1. Average partner chain C-beta neighbours within 10 Å, per residue of A:134-144?
2. Could you work out the equivalent-ellipsoid semi-axes for region B:3-61, taking the square root of 5 times each eigenvalue of the Cα gyration tensor, largest first, in whole Å?
3. Shape verdict for region A:97-136, please, from the Cα gyration tensor: rounded (a/c under 1.5), prolate (a/b greater than b/c) or oblate.
Amino acid sequence: MLLRGRRRLPVGWVWPLPRLVADLLALAFAAWEGVQGRYSAASHAGILAAIGIVLLLAALAGRGRQRKRSAAWVGDGTRAIATVLGLGRDGSAAARGGLVWALLIAATIGWDMTSFVEQKHDLPTLSRLFGAVTDHDWGRALLFAAWLVLGLSLALGRRLPGKGHGAALGGGAPAGRRPSRPSRSQGGHA
Amino acid sequence: MTLGAVVWTVIAAGWLAWLVVTRCIRTLPGIGSVVNAFLGSWLGRVLALAAWAEAGWHVFGQRP
């Protein structure tokens, strides 16, 4: 939710009409992509356009609105990994939870790589499983729409509230949470 | 059921179970925390967007 004064507005909130038009355009884009062949030039152009637009939005929405500088983020990440691997002294629930997430992600990537290397019919890769869905027009359109939503969330989500109308581009704090103001020790805004 | 199907089912069940557990036990980090950890800085966000872009290109533009 965006926090403007005491009112809470949804993530990525903009004036209703432009938002509605943007949503309809995105839906039409996904429906159009759904009927394109995987190898067609139009399909490739559409995917590249989507990537370009999302990256552009990330850049436009993000100036001065990251919670940490990259160097501070790397330091925090290194400490978190050390904790998860048991090298740190923190045996908290958060560390144990992080370990389970790491194991799940490693299992997924590891088995996908194993299946890819083996190249056997009874060992499908993750992308082959997705391919079973994207072989259908509706499946390709739905999955493309979900992919677009994910990309926009990654590009615009979890920004510090901006000043003025710029806030409408970038989300801000999630529902029910106030954004924490990073101190100088956390690296400040980036 | 093939070996691949069994393993993918187990992995998917693990993801689902852990999503439910983290939803129920608030002290454990949820999927939102994992994603948010990446979105905390430009570097993490760029890494996440790069993975997103590559996955999209692979799934929609190449033969999976």
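1. The mean count of partner-chain Cβ atoms within 10 Å per residue comes to 1.
2. Rounded to whole Å, the semi-axes are 24, 22, 6.
3. Oblate, because a/c is 1.5 or more while a/b does not exceed b/c.
Every number here is computed from the coordinates shown, using simple stated rules; none is lab data. Computed from a prediction, not measured in an experiment: that's the story for all the values here. Note that we place each Cβ from the backbone using ideal geometry, even for glycine, and neighbour counts take in every protein chain shown.
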